[in-house]
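Comments concern the structure below.
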Number of protein chains: 2
Amino acid sequence: MTPLPPSTHDTAQFLDYHVSMLRDTVRTNAFREAVHATVVEGDVVVDIGCGTGILSLFACQAGARHVYAIDRGPVLDVARDLARRNGLADRISFLRGESTVLDPPERADVLITETLWNLGLGEGLLSTVSDAVRRWLRPGAAIIPGTVEVRLAPIGLRGLRERLSVADLDYGVDFSHLEAASRNVPRSMFIWPEAVRCPAQTVWSARLPYGGPETIPMAAEFVVETAGTVNAFGGWFRSDLGGGVVLSNAPPSAAPSWEQAVFPLSHAVEVAPGDRIRVALETDATADTTWTWATRVLRDGAEVAAFQQSTRDVRLLTSA
Amino acid sequence: MTPLPPSTHDTAQFLDYHVSMLRDTVRTNAFREAVHATVVEGDVVVDIGCGTGILSLFACQAGARHVYAIDRGPVLDVARDLARRNGLADRISFLRGESTVLDPPERADVLITETLWNLGLGEGLLSTVSDAVRRWLRPGAAIIPGTVEVRLAPIGLRGLRERLSVADLDYGVDFSHLEAASRNVPRSMFIWPEAVRCPAQTVWSARLPYGGPETIPMAAEFVVETAGTVNAFGGWFRSDLGGGVVLSNAPPSAAPSWEQAVFPLSHAVEVAPGDRIRVALETDATADTTWTWATRVLRDGAEVAAFQQSTRDVRLLTSA
């Protein structure tokens, strides 16, 4: 059942991915509004992770003198075509590669970077912005997004076990190693509001650029109000993109090109009113590709469940 | 919104993909049954595109003396772990790479290859099997799957335009090039029976190995019985895996790890009873990565719509 061979299959995925982002009018119009509120006539703009270049086109519509649009992927060809067909070939320079490696042709007045993962962090946003401030931007340049806030909640997600688990399969095979790996990797999934067991808490927020420590600890304690199953933590973001334009993918996600982040628990836990659920989630500001989450569930002060999980424990992550 | 950076995101996708295939008990048990009906005590088996190696484990359960399990992906590490933890490390050799490039250590009595795309063809099945017969198998060796049959039907899929199309988006941007590209690439999608406008027809079938011409033409004419919208052709397969074990992903797919193949039309067509819908779909037996589909709709003998589409027209396919 594996998909079509690379060329056709990859192109289908690639097209559907970018079409789905363009079709997310909440996302795209929020960025459009923030770009119009931020970019002024004559600005130089840098757009990092430009994708189809839609935000660069908006920057031109807002009066940018020139835009440097950067992406490492093959989508840069689509972006270049789109700019040409929209008469903007001479106002946008397309640069293929990593913004942290490329040499800036000139300093910019505005940075645009839609590198927000489902949790806000998770696509290298902080390190991208820090590097851009040092090398791509003039002092005092504007940044879109302006702020990022990470929110977490314990959730009980129906179908999670069925998606992650192989332990129950009856093929006469021991799947325990694969099972363990599968539970130690965060996922992108849609979280319905009904799955959220306790009100979400803000566990981290920053105005960009972020200048704090390299390790980002995100901790919270939740008090259970209603009995139910908890099998993961869900996470999402809230961001003031600029000019007061707020974008969030809180469930039910109004911006459908983002799902939410899901950090599975090693095992589902039945919780009761009054139980306390403590989580300590960590990632690193430089790459934010490694995730560690420790969970404790307390009842009347006694620990009834405790899990220590990390993507570091998944050998696939390093060998894949 | 782009997903997690490569390592975590790729691992999540990779795990979910293989877990979903293992959890497809219709798929996995059909192959298990075919393997047990085919492999006899002492056989040498080659498993091409082995994934987690589940079919190689079944071959051992069925009495194989030795299995050569081949995959080009990082999943081979998972497969090796799984074999070791199931006490089969000395009976399965894991070979990383393309079966068409690797050198066979010995000739096999049975070939297993689950390289069936949603349409049957589409993952290089025919060329993989042809090469294996020449280089990997002893004369008269058994092949799983034994037969492949491709079926096609005109469909009217709700939400197809919304998934593929950017033409209606109101951002002050001309998306016509991206729009055209998006309509000329086949997709994997779930087709509900209600979407099927005319009974499916078998447009190609073969017992493996396939020894026919390099170009595979798949043509059919459908007579419309009920008025409705047609916006694509849907396709699926039916296969006798071996020993009379039949597997199919006809909608509604009983084997959920396969969706169906969808070949969009350039434009949706409203059809009326008595209309004739002709399709000529072509691919190549050597790589089956290029797809061309020509469509004609006739009413009272007069052409009311005609589309000529091909993945060759999508520049992204070559530059991506």
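What is the distance in Å between the Cα centres of the range B:63-139 and the range A:74-105?
The distance from the Cα centre of the range B:63-139 to that of the range A:74-105 comes to 42 Å.
Give me the distance in nm between label points sitting 7 Å out from Cα along the Cα-to-Cβ direction at A:Asn29 and B:Ala287, one decimal.
Label at A:Asn29, label at B:Ala287, 4.3 nm between them.
Place the label 7 angstrom along Cα→C-beta at B:Ala254 and in each other copy, then list the distances from the first to the rest in nm, shortest first.
4.6
For the protein assembly as shown, what does the alpha-carbon gyration tensor say about shape, rounded, prolate or oblate, given a ≥ b ≥ c as the root eigenvalues, a/c under 1.5 as rounded, and a/b over b/c as prolate?
Oblate, because a/c is 1.5 or more while a/b does not exceed b/c.
Using a 7 Å offset from Cα along the direction of the beta-carbon, what are the separations from B:Thr202 to the same position in each other copy, nm, ascending?
The answer, with the shortest distance listed first, is 6.5 nm.
FRET efficiency for B:Glu98 and A:Asp300, Cβ-Cβ distance as r, R0 = 60 Å, nearest 0.05?
On the way: r = 60 Å, r/R0 = 1.00.
FRET efficiency, B:Glu98 to A:Asp300: 0.50.
Which of the three applies to the range A:121-161, rounded, prolate or oblate, going by the alpha-carbon gyration tensor with a ≥ b ≥ c and a/c under 1.5 meaning rounded? Working shown, then result.
Values: a/c = 5.33, a/b = 3.05, b/c = 1.75.
Note, shape of the range A:121-161 comes out prolate.
Note down, for chain B, the three equivalent ellipsoid semi-axes (square root of 5 times each alpha carbon gyration tensor eigenvalue), biggest first, whole angstrom. Before the final figure, lay out the partial values.
Values: eigenvalues 290, 103, 61 Å².
Equivalent ellipsoid of chain B: 38, 23, 17 Å, largest first.
Counting pairs of alpha carbon atoms under 8 Å apart in space and at least six apart in sequence, what relative contact order in percent does the range A:130-228 give?
Numbers: 85 pairs, mean separation 41.4, N = 99.
Relative contact order comes out at 42 percent.
Taking chain A as a Gaussian network, where each spring joins two C-alpha atoms under 10 Å apart, which residue of A:Asp71, A:Asp109, A:Asp170 fluctuates the most?
Greatest mean-square fluctuation among the candidates belongs to A:Asp170.
Mean-square fluctuation check for chain B, GNM, Cα pairs under 10 Å: which of B:Ser176, B:Ser188, B:Ser205 is largest?
B:Ser176
Could you give me the percent of Cα pairs per 10 Å distance bin for the range B:148-319, shortest bin first, beginning at zero and ending with the bin that holds the maximum distance?
P(r) for the range B:148-319, in whole percents per bin: 9, 35, 36, 16, 3, 0.
Can you list the equivalent-ellipsoid semi-axes of the range A:96-153, largest first and in whole Å, using the square root of 5 times each Cα gyration tensor eigenvalue? Don't jump to the answer; show the numbers that get you there.
Values: eigenvalues 103, 35, 12 Å².
Values for the range A:96-153, descending: 23, 13, 8 Å.
Only bridges whose two residues both fall in the range B:52-205 count here: according to DSSP, what percent of them are antiparallel, nearest 5? Show your work: numbers first, answer last.
Numbers: 7 of 16 bridges.
Approximately 45 percent, going by the DSSP bridge assignments.
Specify the angular offset, from 0 to 90 degrees and rounded to the nearest 10, of the alpha carbon long axis of helix B:25-38 from the longest principal axis of the alpha carbons in chain B.
On a 0 to 90 degree scale, this one is about 50.
Running a GNM on chain A with Cα contacts under 10 Å, which residue among A:Gly211, A:Gly234, A:Gly122 ends up with the highest mean-square fluctuation?
Per the Cα network of chain A with a 10 Å cutoff, A:Gly211 tops the list.
List the residue from chain B whose beta-carbon is nearest to the axis that rotates chain B onto chain A, together with that distance in whole Å.
With distances in whole Å, chain B gives B:Gln13, 5.
Taking the alpha carbon gyration tensor of the range B:42-185, what are the square roots of 5 times its eigenvalues, largest first, to the nearest whole Å? List each step's numbers first, then the result.
Details: eigenvalues 324, 64, 38 Å².
The three semi-axes for the range B:42-185 are 40, 18, 14 Å.
Taking H placed 1.01 Å from N in the peptide plane, check which residues at least 5 places from A:Ser266 or on another chain put their amide H under 5 Å from its amide H.
Close amide H contacts, sequence-distant or interchain: none at all.
What is the spin-label model distance, in nm, from B:Trp192 to B:Ala268 if the labels are put 7 Å beyond Cα along the C-beta direction?
Between B:Trp192 and B:Ala268, the simple spin-label model gives 1.5 nm.
Over the range A:8-114, what is the relative contact order in whole percent, taking alpha-carbon pairs under 8 Å and six or more residues apart?
Working: 168 pairs, mean separation 30.1, N = 107.
The value is 28 percent.
Along the charge dipole of the range B:1-116, pointing to its positive end and built from +1/-1 on Cβ of Lys, Arg, Asp and Glu, which listed residue (B:Gly49, B:Ile92, B:Val19) has its Cα farthest out?
Positive-end residue among those listed: B:Val19.
Pairing the Cα long axis of helix B:75-85 with the longest principal axis of chain B, what angle in degrees results, from 0 to 90 and rounded to the nearest 10?
With both axes taken from Cα atoms, the answer is about 40 degrees.
Output, in nm with one decimal and in ascending order, the distances from the B:Arg138 label point to the matching label points of the other copies (7 Å from Cα along Cα-to-Cβ).
7.9
At q = 0.19, 0.20, 0.22 Å⁻¹, what is the log10 ratio I(q)/I(0) for the range A:105-216, with the Debye formula run over Cα points and no solvent?
-1.03, -1.08, -1.20
Got a sec? Charge dipole of the range B:148-319, +1 on Cβ for Lys and Arg, -1 for Asp and Glu; which of B:Ile155, B:Val262, B:Val203 is way out at the positive end?
B:Val203
Assign unit charges at the C-beta atoms only (+1 for Lys and Arg, -1 for Asp and Glu), then state the dipole size of the protein assembly as shown relative to its Cα centre in Debye, rounded to the nearest 20. Each step should come with its number before you reach the end.
On the way: 58 positive and 76 negative charges, 21 e Å.
In debye, rounded to 20, the protein assembly as shown gives about 100.
For the range B:1-96, just say rounded, prolate or oblate: build the C-alpha gyration tensor, square-root its eigenvalues into a ≥ b ≥ c, call rounded for a/c under 1.5, and beyond that prolate if a/b exceeds b/c, oblate if not. Walk me through the intermediate numbers first.
Working: a/c = 2.80, a/b = 1.79, b/c = 1.57.
Prolate shape, in that a/c is at least 1.5 and a/b is the bigger ratio.
Given the C-alpha centroids of the range A:171-210 and the range B:231-268, what is the distance between them in whole angstrom?
Comparing the Cα centres of the range A:171-210 and the range B:231-268, I get a distance of 32 Å.
Normalised by the number of residues in chain A, what is the relative contact order in percent for Cα pairs under 8 Å and 6+ residues apart? Present the calculation step by step, with values, prior to reporting the outcome.
Working: 688 pairs, mean separation 54.1, N = 320.
So the answer I get is 17 percent.
Measure nothing fancy, just the Cα-based angle from helix B:125-135's long axis to the longest principal axis of chain B, in degrees from 0 to 90, nearest 10.
30 degrees
Read-outs throughout are calculated quantities, based only on the coordinates presented, and are distinct from any laboratory measurement. Everything quoted here is computed from the prediction, not taken from an experiment. Counting neighbours? That spans all protein chains shown, and the Cβs are built from the backbone with ideal geometry, glycine included.
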